Each structure stands twice: as structure tokens, then as C-alpha cells.
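The values are calculated or read from the model by the stated rules, or taken from the named source; none is laboratory data. Since the model is a prediction, treat every value here as computed from it, not as a measurement. Counting neighbours? That spans all protein chains shown, and the Cβs are built from the backbone with ideal geometry, glycine included. What goes into the accessible areas is simple: the full protein's heavy atoms, side chains included, and nothing from ligands, DNA or RNA. Shrake-Rupley method; radii C 1.70, N 1.55, O 1.52, S 1.80 Å.
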Amino acid sequence: HIEVAVAEDRSYQINDKALGGVGVDQLALALRNAAGKQQEPVVVINADARAAHQSVVNVMEAARRVGLTRITFATQAQPAP
């Protein structure tokens, strides 16, 4: 799988490699490189709660551009009161 972290400041990390505030084209290239020769890897998006919705959409669009169609989202449970 390919792990994509989306931060509040619109920066990204792919498999723990920082990308900074890049556009969709750069994200697509980074995702293609991360996929390497894997057959249909799952892209796991882990977005900060304060990240812009558009930043998450950019990851989804970048994945689509390079043919990565298996996308899921990481979630965190809230601690019990």
C-alpha cells in the first residue's frame, strides 16, 4: 500500500517522504514512483482533521491520473470520555 499524509498546511507525505506544498502533477508523479511495480496498490489517505478538503481531493485526482483506483481513508477513533 501507499500511505499519503495530508497536513493542515497543505503539505503531503508519501510513505513518510515529505513533499511540501505541491500540486496535483507533482503528487501524481510521486504516487507513480511510490507504486513502482506493485500491482494495484491501495492508496491510504490519512488527512489531518484541519486539512483543507481540496488537499484530499488533490490526492484522489493525482491517484486517478496515474491509474491508482484503490483508495481508502485511515481513521482514528475518539477516546472514550
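Listed values, structure above:
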{"item": "Cβ-placed point charges (K, R +1; D, E -1), dipole of segment 1-43 about Cα centre in debye, nearest 20", "result": "180 debye"}
{"item": "Simple label model, 7 Å out from Cα along Cβ direction - Gln38 to Lys17, nm", "result": "1.2 nm"}
{"item": "Considering only the chain, percent of DSSP beta bridges that pair antiparallel, nearest 5", "result": "45 percent"}
{"item": "Rounded tilt (10° steps) of 53-65 against the dominant C-alpha axis of the chain", "result": "20 degrees"}
{"item": "Spacing of the two label points (7 Å from each Cα toward its C-beta) at Glu3 and Asn46, in nm", "result": "0.4 nm"}
{"item": "Share of carbon and sulfur in the accessible heavy-atom surface of the chain [1.4 Å probe, %]", "result": "48 percent"}
{"item": "Most positive-pole-ward Cα, Leu29, Gly67, His53, against dipole of the chain from beta carbon charges", "result": "Gly67"}
{"item": "Local electrostatic count at Leu68 - Lys and Arg +1, Asp and Glu -1, tallied over other residues with Cβ under 12 Å", "result": "+2"}
{"item": "Size of electric dipole in the chain: Cβ of Lys, Arg +1 and of Asp, Glu -1, about Cα centre, debye, nearest 20", "result": "240 debye"}
{"item": "Reduced Cα scattering model of the chain, Debye log10 I(q)/I(0), q = 0.12, 0.21, 0.22 Å⁻¹", "result": "-0.31, -0.88, -0.96"}
{"item": "Accessible surface, the chain, averaged per residue in Å² (probe 1.4 Å)", "result": "68 Å²"}
{"item": "Qualifying GluC sites (Glu not before Pro) in segment 2-81, DSSP loop, other Cβ atoms within 10 Å at most 13", "result": "Glu8"}
{"item": "Gain on full stretching of the segment that runs from Leu29 to Thr72 - 0.36 nm per residue minus C-alpha separation", "result": "13.5 nm"}
{"item": "Cα long-axis angle, helix 24-35 against the chain (0 to 90 degrees, to the nearest 10)", "result": "80 degrees"}
